[in-house]
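The values are calculated or read from the model by the stated rules, or taken from the named source; none is laboratory data. Just so it is clear, the model here is predicted, and its values are computed rather than measured. Note that each Cβ is placed from the backbone with ideal geometry, even for glycine, and that neighbours are counted across all protein chains shown. Side chains are part of the model used for accessible areas, which takes the heavy atoms of the whole protein and leaves out ligands, DNA and RNA. Shrake-Rupley method; radii C 1.70, N 1.55, O 1.52, S 1.80 Å.
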Amino acid sequence: MKTNPGRFFEDYTVGETIVHAVPRTVSGGERALYHAIYPSRHALYSSDEFARGCGLPQSPMEDLAAFHVVFGKTVPDISLNAVANLGYAEGRWLRPVYPGDTLRSESTVIGLKENSNGKSGNVYVRTRGLNQDGDVVLDYVRWVMVRKNRLDAPAPEAVLPELRKVVPASDLVVPEGLDFSGYDFALAGERHRWGDYEIGEQIDHVDGVTIEEAEHMIATRLWQNTAKVHFDATFREDGRRLIYGGHVISMARALSFNGLANAQMMVALNAGAHANPCFSGDTVRAWSEVLDKAETAAPGVGALRLRLVAVKQGAAPFALKGEDGKYRPEVLLDLDYWALIPR
Amino acid sequence: MKTNPGRFFEDYTVGETIVHAVPRTVSGGERALYHAIYPSRHALYSSDEFARGCGLPQSPMEDLAAFHVVFGKTVPDISLNAVANLGYAEGRWLRPVYPGDTLRSESTVIGLKENSNGKSGNVYVRTRGLNQDGDVVLDYVRWVMVRKNRLDAPAPEAVLPELRKVVPASDLVVPEGLDFSGYDFALAGERHRWGDYEIGEQIDHVDGVTIEEAEHMIATRLWQNTAKVHFDATFREDGRRLIYGGHVISMARALSFNGLANAQMMVALNAGAHANPCFSGDTVRAWSEVLDKAETAAPGVGALRLRLVAVKQGAAPFALKGEDGKYRPEVLLDLDYWALIPR
Amino acid sequence: MKTNPGRFFEDYTVGETIVHAVPRTVSGGERALYHAIYPSRHALYSSDEFARGCGLPQSPMEDLAAFHVVFGKTVPDISLNAVANLGYAEGRWLRPVYPGDTLRSESTVIGLKENSNGKSGNVYVRTRGLNQDGDVVLDYVRWVMVRKNRLDAPAPEAVLPELRKVVPASDLVVPEGLDFSGYDFALAGERHRWGDYEIGEQIDHVDGVTIEEAEHMIATRLWQNTAKVHFDATFREDGRRLIYGGHVISMARALSFNGLANAQMMVALNAGAHANPCFSGDTVRAWSEVLDKAETAAPGVGALRLRLVAVKQGAAPFALKGEDGKYRPEVLLDLDYWALIPR
């Protein structure tokens, strides 16, 4: 058989490392496309001059673009037969990605647990994105529920990794040279700095974007993510293409510019849930909540821990879960991350 | 309040200069996207070799791409609460923009006049686009009708700027080094030169393009234009997304290649009216009229003053206004500009 | 008349060479767009590092991207008034195209034959794509049926070129320096090498992509292909935009990654038929058949001759033609090409 059927639950072993295929060199083309698909305006990722004013050699690729490239490569090996994308943890951006860099990915299986129905199980992987020099640029844990192919395959010994609920502020990696002491708030678009945000504060990002099939497919393909369900309208019974969860993450993060224009760099992904599916025609909005604050050793650089919530039409303001403790049906995404912001 | 509500009429003062946020470095990515979204074929903007044959160091960004980048930055400060985009005047491209350049924008308020209903007023701004060296690359006047927020705010003293109806040919800026004396008409696509066009001549550009939601949103976002009405299908009561007027300008200009292939560079924007709104599903066509002709001091370089009209399905040939003096409902755009063409 | 009406059958003369307009410099932007529009994952075209590991200086543009750029330039002169695109033959990629290269096209008329109805005729052209150094990067024969404009124009002497049904393996041009002896099969995505494929073997590439208007127009415009029928929904009586046949070729080739991930480089186009039209909403799938195998003199480099078939929804597995010898209605494309693959 020449084609890749994907891996099933029984094909994973704790401790094995999977080298994912198809390395990718990124360029100004990927950057332009990212800004064409998402209303992304954080100045550090828009202007080489602004980035140099912050101590970086040039404007890096959007942190989520790096995430999508690294993630996309894992799909054929990790989630082709996934039933559900269950969570993220311990994600950290370790080094900016610049045009001309070549990224590849590898994942180590760090946990396995068969479900009681014997038909599927949860697979935990730690994925690393590496550049052409072998430097790790991104590291995160993801777990998915994967179908079994041979139902009589024996259940593996259950191994559940110990995962931190939040990346501690002391573990955040500030890019080398980053310096916000001469930060230009006028060019960045807002005057609010680290000290202006309070823990518990909620921000409605106001703007909405109605999702189109062509746009989410263009984005998802750009990251070489090949999951059928995003592209093939005949795949699901209802004839609808399911939108890549990362598309919603990027859309919400870009919308959060309005209120968080200075939360420039994503440096950690603490947790994330794709609460409900998103389809073409949905209008996506976003709100944020300040969960924590921290200082860093870099000049002028503070960190905010933020909850980023994406919702669709019909959502009530700042409503996340119902009385049953479950996400409301209009909630698409609940993401917990750390961002760097001038103090 | 962390988010930007936009400025209202009472927030402007004649003489103040507004620094617009989010500078932008452009690359081959923006150029490729421009050519993917518009059927743009002017050779000077398509081929580095052709541009060098015309005395430029390489192929510049399309003049309208530079315009859109500069314009897009003004939206959050000028037109977020605009009721209508009323006009353009005295626009001049002063220096080509090349991949790698970083653009930013600033606008000076040069006129204010409250409407007699007391609910809105007209704001006149002169906008400058600047590159990383501080050189002005583009300068134009635009006026918009903006809502008042506090209806009891006193009307400012009315100031109406004196604006020239047309940029005189003597004020056109020909890019340094531009030389059409060795111009390659075969590679440019048409044999017609400056002397072949007569004042009053009308050209039907023949081709049509049916507009898609994904395409106008991709374009508009690329210029970091954030006006809600272009992206959010729930914003207008009729559930339709209004297409950015600049999308129609670029579409019409690109279609004008067929008949004006040698009208390579836009150097002045004399006037422009978005006569009627454009929506997804409309099929855009264009026609031009030669309004004036002028010589320039650059070798082999002449100038044509052109009316560029974009229409949608149902338009009669070369029909612009009805007997009532108003634009016909099928007319989308009436633009008056100067272009450089080989003599 | 200032606009281009296109050439009609009586406007061609055997032996004449037509210089096509609008040369094009390609960049990382075109590459990113190609990967955003097609699910393209062949590693040689995705990663500079991988390409260097195969002896090339960097990752070239996709071979089909080069084809589309060269082809697009011919449309205004060859197929603007074409009734049908009849075939391809003797196509060879002679030199990789890299970001920064500038392509132009020229075609020599090598055959003419008026149809017996006197209303149209077949035009055979040999098209060459050239780079900025004048090197031929691509050379192919194409024939189209073109309408006559003046029905009383005399029929030209019929000239039918002798065309080889297949480019012989001995004529394949392997890019200078190409070396698959250190090929990284893990990063390429599959382990199958030249020796693993057998003549007659058929491969179902599994995945499907549902086609969107915005995507095929973005692609087709990027190649500066201006045929009205792809862009103008009012052009055909049924209100549907016909999809550029090259869009289907690229889609099918990209889908063939799953099963032919190592068939990296296209080096010859033996034949091709656009069996049925493709429209927005169709879901495209692909299958391949190994038609022949050959060795090459380059280290570790073998060649496969492949049939690549694109089909739409409703197609039976590996079904190509009906009992009447005609293509089944679900078959969109039947392409015959040579690809280089590690031995």
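Let's see how each residue does on (1) more than 11 Å from every other protein chain (Cβ to nearest Cβ); (2) farther than 18 Å from residue A:40 by Cα; (3) touching a Leu at 6+ places or on another chain (Cβ under 7 Å):
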| position | (1), (2), (3) |
| --- | --- |
| A:160 | yes, yes, no |
| A:189 | no, no, no |
| A:193 | yes, yes, no |
| A:205 | no, no, yes |
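If I filter the range C:42-52 down to residues being open to solvent by less than 10 Å² (accessible area, probe 1.4 Å) and in contact with a Leu (Cβ under 7 Å, 6 or more places away or on another chain), which single residue comes out as nearest to the other protein chains (Cβ to nearest Cβ)?
Within the range C:42-52, the subset open to solvent by less than 10 Å² (accessible area, probe 1.4 Å) is C:42-47, C:51.
Now narrow it down to the ones that are in contact with a Leu (Cβ under 7 Å, 6 or more places away or on another chain): C:43, C:51.
Working: C:43: 5, C:51: 9 Å.
Restricting to residues being open to solvent by less than 10 Å² (accessible area, probe 1.4 Å) and in contact with a Leu (Cβ under 7 Å, 6 or more places away or on another chain), the top hit is C:43.
All conditions but one from (1) in a loop (DSSP other than H, G, I, E, B); (2) more than 13 Å from residue A:76 (Cα to Cα); (3) out of contact with any helix residue (DSSP H, G or I) (no Cβ under 7 Å at 6 or more places or on another chain) apply to residue A:41; the one that does not is (3).
All of C:130, C:138 fail the test of being within 14 Å of another protein chain (Cβ to nearest Cβ), open to solvent by less than 40 Å² (accessible area, probe 1.4 Å) and closer than 27 Å to residue C:12 by Cβ, apart from C:130. Is at least one residue of the range B:93-115 among the hydrophobic types (A, V, I, L, M, F, W, C), at negative phi and within 11 Å of another protein chain (Cβ to nearest Cβ)? So far as the range B:93-115 goes, yes, one or more of its residues are among the hydrophobic types (A, V, I, L, M, F, W, C), at negative phi and within 11 Å of another protein chain (Cβ to nearest Cβ).
Can you name the residue in the range A:162-172 that is open to solvent by less than 60 Å² (accessible area, probe 1.4 Å) and under 22 Å from residue A:112 (Cα atoms) and, of all such residues, is nearest to the chain's Cα centre (by Cα)? Residue satisfying both the conditions and the ranking: A:166. Restricting the range C:27-41 to residues that are more than 8 Å from chain B (Cβ to nearest Cβ) and in contact with a Ser or Thr (Cβ under 8 Å, 6 or more places away or on another chain), the residue that is surrounded by the fewest Cβ atoms within 10 Å (Cβ to Cβ) is C:39.
Check B:109, B:159 and return the single one that is touching a strand residue (DSSP E or B) at 6+ places or on another chain (Cβ under 9 Å) and either buried (at least 16 other Cβ atoms within 10 Å of the Cβ) or within 23 Å of residue B:23 (Cβ to Cβ) (or both). Walk me through it before giving the result.
Numbers: B:159 fails: either buried (at least 16 other Cβ atoms within 10 Å of the Cβ) or within 23 Å of residue B:23 (Cβ to Cβ) (or both).
When all the criteria are applied, what remains is B:109.
When residue C:179 is tested against the conditions (1) closer than 30 Å to residue A:213 by Cβ; (2) outside the structural domain of residue C:265 (by TED's automatic domain parsing), the lone failure is (1). In the range B:187-239, the qualifying residues are those that are among the aromatic types (Phe, Trp, Tyr) and touching a Lys or Arg at 6+ places or on another chain (Cβ under 6 Å), and the one that is surrounded by the most Cβ atoms within 10 Å (Cβ to Cβ) is B:194.
So in the range A:272-286, with the set limited to residues that are open to solvent by 20 Å² or more (accessible area, probe 1.4 Å) and on the phi < 0 side of the Ramachandran plot, which one is farthest from the other protein chains (Cβ to nearest Cβ)? It comes out as A:273.
This table checks each residue for (1) assigned to a helix (DSSP H, G or I); (2) more than 30 Å from residue A:342 (Cα to Cα); (3) not assigned by TED's automatic domain parsing to the domain that holds residue A:135.
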residue	(1), (2), (3)
A:1	no, yes, no
A:6	no, yes, no
A:13	no, yes, no
A:31	yes, no, yes
A:34	yes, no, yes
A:52	yes, no, yes
A:68	yes, no, no
A:74	yes, yes, no
A:84	no, yes, no
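Sort out which residues of the range B:266-298 are among the acidic types (Asp, Glu) and in a strand (DSSP E or B), and write them in order of number. Hits for the range B:266-298 are B:289, B:292, B:295. Determine whether residue C:64 is part of a loop (DSSP other than H, G, I, E, B), more than 14 Å from chain B (Cβ to nearest Cβ) and touching a Gly at 6+ places or on another chain (Cβ under 8 Å). It is false that residue C:64 is part of a loop (DSSP other than H, G, I, E, B), more than 14 Å from chain B (Cβ to nearest Cβ) and touching a Gly at 6+ places or on another chain (Cβ under 8 Å). Figure legend. Inter-residue proximity from the range A:137-155: first residues free of Cβ contacts under 8 Å to residues at least 60 places away in the same chain and farther than 30 Å from residue A:175 by Cβ, second residues open to solvent by less than 10 Å² (accessible area, probe 1.4 Å) and of a type outside the set (A, V, I, L, M, F, W, C), beta-carbon distance below 9 Å, spacing 6+ or different chains. Indicated pairs: A:155/A:121. Give just the number: which of (1) surrounded by 22 or more Cβ atoms within 10 Å (Cβ to Cβ); (2) not in a loop (DSSP other than H, G, I, E, B) does residue B:21 not satisfy? Only one criterion in (1) surrounded by 22 or more Cβ atoms within 10 Å (Cβ to Cβ); (2) not in a loop (DSSP other than H, G, I, E, B) is unmet by residue B:21, namely (2). From the list B:91, B:15, B:100, B:55, pick out the single residue that is modelled with pLDDT of 95 or more, of a type in the set (Gly, Ala, Ser), surrounded by fewer than 21 Cβ atoms within 10 Å (Cβ to Cβ) and within 18 Å of residue B:128 (Cβ to Cβ). Exactly one of B:91, B:15, B:100, B:55 is modelled with pLDDT of 95 or more, of a type in the set (Gly, Ala, Ser), surrounded by fewer than 21 Cβ atoms within 10 Å (Cβ to Cβ) and within 18 Å of residue B:128 (Cβ to Cβ), namely B:15.
In this structure, residue B:179 does satisfy being away from every other protein chain (no Cβ under 13 Å) and open to solvent by 40 Å² or more (accessible area, probe 1.4 Å).
Just give me the residues in the range B:299-334 being open to solvent by less than 20 Å² (accessible area, probe 1.4 Å) and assigned to a loop (DSSP other than H, G, I, E, B), in sequence order. Selection gives B:319 alone.
Take residue B:256 and decide whether it is in contact with a helix residue (DSSP H, G or I) (Cβ under 7 Å, 6 or more places away or on another chain) and of a type in the set (S, T, N, Q). Please lay out each step first, then the result.
On the way: in contact with a helix residue (DSSP H, G or I) (Cβ under 7 Å, 6 or more places away or on another chain): no; of a type in the set (S, T, N, Q): yes.
Criteria not met by residue B:256.
Just to be sure, is residue C:263 in a strand (DSSP E or B), touching a strand residue (DSSP E or B) at 6+ places or on another chain (Cβ under 6 Å) and open to solvent by less than 20 Å² (accessible area, probe 1.4 Å)? For residue C:263, the condition - in a strand (DSSP E or B), touching a strand residue (DSSP E or B) at 6+ places or on another chain (Cβ under 6 Å) and open to solvent by less than 20 Å² (accessible area, probe 1.4 Å) - is not met. The single residue among C:269, C:242, C:291 that is surrounded by 23 or more Cβ atoms within 10 Å (Cβ to Cβ) and more than 9 Å from every other protein chain (Cβ to nearest Cβ) turns out to be C:269.
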